Amino acid sequence: MTTATLTSKGQITIPADVRRSLNVQTGDRVEFVQVEPGRFEIVAATRSVRELKGLFGKATRVVSIDEMNRTIAEQGARADAGARALQRRRGAR
């Protein structure tokens, strides 16, 4: 079993054999995917976005750039409001 040690800054060095297996190099990104509570998988996130083409099938409707931007702004505002509420709750402790 390959192991790594967590530093005081919350960092780990991915062992060389694991990096080779994941085919990741300096500057590449990895994702930590929770597969069950307390258990994660490390997944290389180095694939090009172009590889996602066709993954979800044909679009069921056309969405304009304006609609995309509006939705992104709305979701961002919700996320920001949620983060502020969480900060207030933490501050109340």
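Among A77, P15, V33, pick out the residue whose Cα is farthest towards the positive end of the charge dipole of the chain, where Lys and Arg carry +1 and Asp and Glu carry -1 on C-beta, about the Cα centre.
It is A77, whose Cα lies furthest towards the positive end.
For segment 37-93 and segment 3-33, what is the separation of their Cα centres, given in Å?
24 Å
Taking the Cβ of V63 as the center, what net charge do the other residues with Cβ under 15 Å away carry, scoring Lys and Arg +1 and Asp and Glu -1?
Working: positive: K58, R61, R70; negative: D66, E67, E74.
With Lys, Arg at +1 and Asp, Glu at -1, the neighbours total 0.
Can you give the Rg/Rh ratio of the chain, where Rg is from the C-alpha atoms and Rh is the Kirkwood radius?
Values: Rg = 19.4 Å, Rh = 17.9 Å.
My calculation of the ratio gives 1.08.
GNM, the chain, Cα, under 10 Å: largest mean-square fluctuation among R19, R39, R78?
R78
To the nearest 20 debye, what is the magnitude of the charge dipole of segment 42-93 about its Cα centre, counting +1 on the Cβ of each Lys and Arg and -1 on the Cβ of each Asp and Glu?
Numbers: 12 positive and 5 negative charges, 68 e Å.
In total the dipole reaches around 320 debye.
Mind listing the phi-derived Karplus ³J(HN,Hα) values for segment 36-42, rounded to whole Hz, using 6.51, -1.76 and 1.60 with θ = phi - 60°, and x for any glycine or proline?
6, x, x, 9, 10, 10, 9
Amide H neighbours of V30 under 5 Å, at least 5 residues apart or on other chains, H built in the peptide plane: list them.
A45
Just how large is the dipole of the chain about the Cα centre, in debye to the nearest 20, putting +1 at every Lys and Arg Cβ and -1 at every Asp and Glu Cβ?
Values: 17 positive and 10 negative charges, 69 e Å.
Roughly 340 debye, rounded to the nearest 20.
Treat the count of other C-beta atoms within 10 Å as a stand-in for reagent exposure and order V30, V62 from fewest to most. List each step's numbers first, then the result.
On the way: V30 16, V62 6.
Final ranking by Cβ density, sparse to dense: V62, V30.
All of the numbers you see were taken from the coordinates with simple rules; none came from a lab. Keep in mind the model is a prediction, meaning the values are calculated, not measured. Cβ: placed from backbone, ideal geometry, glycine included. Neighbour counts: every protein chain shown.
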